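Take a look at the structure below.
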Amino acid sequence: MATADTYPHLVTDANGRVRIGKTRYTVEHLAAEHHFLGWTAEELLRQHPDLAPAEVYAALAYFHDHHEAVLGAVEATGEWVESQRPAHSVSRSELLRRSSSNPAGG
């Protein structure tokens, strides 16, 4: 594992993702919460009590220094997740109609 540029507490894993030390958290994870949910460093610490303040601030510094690249990675992950969802062949209204026409379940 290499240190992510010169950011203490951050490492680049074998897959090229920047992680917070040996934790399960990636910079993308905290960046998404910060950017999309508006969580401050203090809120991130409240939500992730297993992280130290220096780790959260290092992740946020990396995010702001690499803003476009990190947001691009977050969006790419979101697109991949969406592509893995199965297409719904039956609409919700059809399921409700079926359910109400067969209240005994069989």
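Of note:
Each row is one residue, and each column tells you yes or no for (1) out of contact with any Gly (no Cβ under 7 Å at 6 or more places or on another chain); (2) crowded, with 19+ Cβ neighbours inside 10 Å; (3) basic (Lys, Arg).
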residue: Val11; (1), (2), (3): no, no, no
residue: Asn15; (1), (2), (3): yes, no, no
residue: Val18; (1), (2), (3): yes, yes, no
residue: Lys22; (1), (2), (3): yes, no, yes
residue: Ala32; (1), (2), (3): yes, yes, no
residue: His35; (1), (2), (3): yes, no, no
residue: Gly38; (1), (2), (3): yes, no, no
residue: Leu44; (1), (2), (3): yes, yes, no
residue: Gln47; (1), (2), (3): yes, no, no
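- Those residues of region 68-96 which are part of a helix (DSSP H, G or I), at pLDDT below 80 and surrounded by fewer than 11 Cβ atoms within 10 Å (Cβ to Cβ), in sequence order: Glu79, Trp80, Val81, Glu82, Ser83, Gln84
- Being modelled with pLDDT of 95 or more and within 17 Å of Tyr7 (Cβ to Cβ) is a property that holds for Ala41.
- Subset of region 28-73 [charged (D, E, K, R) and over 13 Å from His9 (Cα atoms)]: Glu28, Glu33, Glu42, Glu43, Arg46, Asp50, Asp65, Glu68
The values are calculated or read from the model by the stated rules, or taken from the named source; none is laboratory data. The shown structure was predicted, so the numbers you read here are calculated from the model rather than taken from an experiment. Cβ coordinates were reconstructed from backbone atoms using ideal geometry, including for glycine residues, and neighbour counts include every protein chain displayed.
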